[in-house]
Amino acid sequence: MQNLAKKPEPEENLSEEGFDVAEILEERARALRRRRKRVRTRAALVAAAARELADKGYESLTVEGITEAAGMARGTFYQYYRRRSDIAAAVMRYYWALVRIHRPRGGAGLAARRSVHRVNRFLVHLVRRNARLLRGRDTLMLDDPGLARQLEHLNQAWAVRVLRDLIARGHVDPRDGQHDYHLLRVRGVIAMSDALLRDIYRGAEGAGAETDPDLVIRVMDDLWCSALYGPPATG
């Protein structure tokens with residue numbers, strides 16, 4: 001998955017506002033139009049699938065809809081993918097790769113609550129902007145267990161990074177012999193954050209449309225700080 005998107009500028013440009021994965025994959029497909037046929041066709045199919053997911057969701061995704069959006073014959077799709085879940089999984093993997101590219105960096109040099117806030121702001125706006133595309137993620141992972149294993153790996157890697165930060169900031173003593181306990185604490189907070197975002201943005205159609213994103217960010221900040229980094233700020 002090369003040339004997904006331009007690297008973000010230092011500090012905070014789009015990193016605190018997330019991104020629209022369908023827009024990025026459409027831009028990528030346009031950039032690859034001069035490449036060999038197999039590369040540009042696959043890119044166009046993935047971009048069309050991303051747009052269909054963003055417009056209709058996974059439950060309504062069809063091979064016919066993807067090929068019509070891409071301006072290709074149905075048979076072309078089956079030269080690259082076996083079924084709709086395969087291309088939806090490809091879109092999800094691009095989404096996760098883009099998260100790694102665009103996630104806020106440099107948090108180790110900031111106060112803990114500011115560092116937590118930047119990440120939560122990014123995640124809330126990201127999920128909000130891609131809500132319909134992400135809405136069928138749980139169903140998709142039932143159709144593609146390999147995708148579920150990849151998400152498990154990503155969450156575990158995230159938890160390891162957070163635990164290292166907690167150790168560096170003095171919130172966890174690495175000599176206390178409770179590494180697995182602290183890692184599980186972090187995994188618990190990650191799971192609670194994901195569940196909150198799922199309930200607000202990935203649940204029933206339009207369920208979170210009226211929810212103030214700043215309120216969601218504040219709740220997530222308090223969750224992370226009270227559970228891992230100390231008590232929430234007052235006032």
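Would you confirm, using the coordinates I've provided, whether Asp176 is of a type in the set (Asp, Glu) and more than 28 Å from Leu215 (Cβ to Cβ)?
Judged against the criteria, Asp176 is a match.
Conditions (1) touching a residue at least 60 places away in the same chain (Cβ under 8 Å); (2) surrounded by fewer than 17 Cβ atoms within 10 Å (Cβ to Cβ); (3) within 19 Å of Arg149 (Cβ to Cβ); (4) touching a Cys at 6+ places or on another chain (Cβ under 7 Å), marked per residue:
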site	(1), (2), (3), (4)
Ala73	no, yes, no, no
Tyr81	no, no, no, no
Arg84	no, no, no, no
Tyr95	yes, no, yes, no
Ile101	yes, yes, no, no
Gly106	yes, yes, no, no
Leu110	no, yes, no, no
Arg113	yes, yes, no, yes
Phe122	yes, no, no, no
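Any idea how many residues of the range 65-109 are farther than 19 Å from Phe122 by Cα and more than 21 Å from the chain's Cα centre (by Cα)?
Final tally of qualifying residues: 19.
Taking Thr67 as meeting all but one of (1) touching a residue at least 60 places away in the same chain (Cβ under 8 Å); (2) part of a helix (DSSP H, G or I), write down the number of the exception.
(1)
Within the range 33-43, is there a residue that is among the β-branched types (Val, Ile, Thr), in a helix (DSSP H, G or I), crowded, with 19+ Cβ neighbours inside 10 Å and out of contact with any strand residue (DSSP E or B) (no Cβ under 8 Å at 6 or more places or on another chain)? Spell out the reasoning first.
Quick first cut of the range 33-43, residues among the β-branched types (Val, Ile, Thr) only: 39, 41.
Still in the running and in a helix (DSSP H, G or I): 39, 41.
Imposing the further condition that a residue be crowded, with 19+ Cβ neighbours inside 10 Å reduces the set to 41.
If we keep only those that are out of contact with any strand residue (DSSP E or B) (no Cβ under 8 Å at 6 or more places or on another chain) as well, we get 41.
Yes, that holds for at least one residue.
Please verify whether the range 144-163 includes one or more residues that are modelled with pLDDT under 95, assigned to a helix (DSSP H, G or I) and among the aromatic types (Phe, Trp, Tyr).
No, the conditions are met nowhere in the range 144-163.
Would you be able to say whether some residue in the range 119-138 is over 15 Å from the mean Cα position of the chain (by Cα), closer than 24 Å to Val21 by Cα and part of a helix (DSSP H, G or I)? Reasoning before the result, please.
Just the residues of the range 119-138 that are over 15 Å from the mean Cα position of the chain (by Cα), to begin with: none.
Within the range 119-138 (the criterion being over 15 Å from the mean Cα position of the chain (by Cα), closer than 24 Å to Val21 by Cα and part of a helix (DSSP H, G or I)), the answer is no, since none of the residues qualifies.
The values are calculated or read from the model by the stated rules, or taken from the named source; none is laboratory data. Please read all numbers here as calculations on a predicted model, not as lab measurements. Every residue, glycine among them, receives a Cβ derived from its backbone with ideal geometry; neighbour counts consider all protein chains shown.
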